[in-house]
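Notes follow once the structure below has been shown.
Quick note: the coordinates plus some simple rules give every number you see, no bench work behind them. Note that the coordinates shown come from a computational prediction; the quantities given were computed from them, not determined experimentally. So basically every Cβ, Gly included, is an ideal-geometry build from the backbone, and we count neighbours across all protein chains shown.
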Amino acid sequence: MQHKLEALGMVCPFPLIEAKEKLETLPSGDELVIDFDCTQATESIPRWAAEAGHTITNYEQLDDASWTITVKKK
């Protein structure tokens with residue numbers, strides 16, 4: 001099942017903090033789709049996901065200053 005987190009307009013580190021908190025509430029195997037526009041999160045979210053053992057199933061730049069990333073919970 002996919003869940004959505006809108007983090008547009010949040011400054012770092014809040015997109016990462018919100019993603020961590022939301023993912024903790026999800027069952028294993030569910031995906032969290034995170035839309036964000038904080039440049040620092042382009043590195044911090046994938047790094048956190050890898051370190052925590054989660055899988056990135058989608059990661060794309062939507063326009064000049066916004067991205068979407070999908071994290072599948074381990």
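Over the chain, what is the relative contact order in whole percent, taking alpha-carbon pairs under 8 Å and six or more residues apart?
35
Measuring spread by the Cα atoms of the chain yields a radius of gyration and Dmax of 10.9, 33 Å.
Please give the calculated 222 nm ellipticity per residue for the chain, where each DSSP H segment of at least 4 residues contributes -39500 (n - 2.57) and the sum is spread over every residue; nearest 500 deg cm²/dmol?
Estimated from H runs of four or more residues: -9500 deg cm²/dmol.
Antiparallel beta bridges, as assigned by DSSP with both residues in the chain, represent about 70 percent of the total such bridges. A simple spin-label model places pseudo-atoms 7 Å from Cα toward Cβ; at residue 24 and residue 50 they are separated by 2.4 nm.
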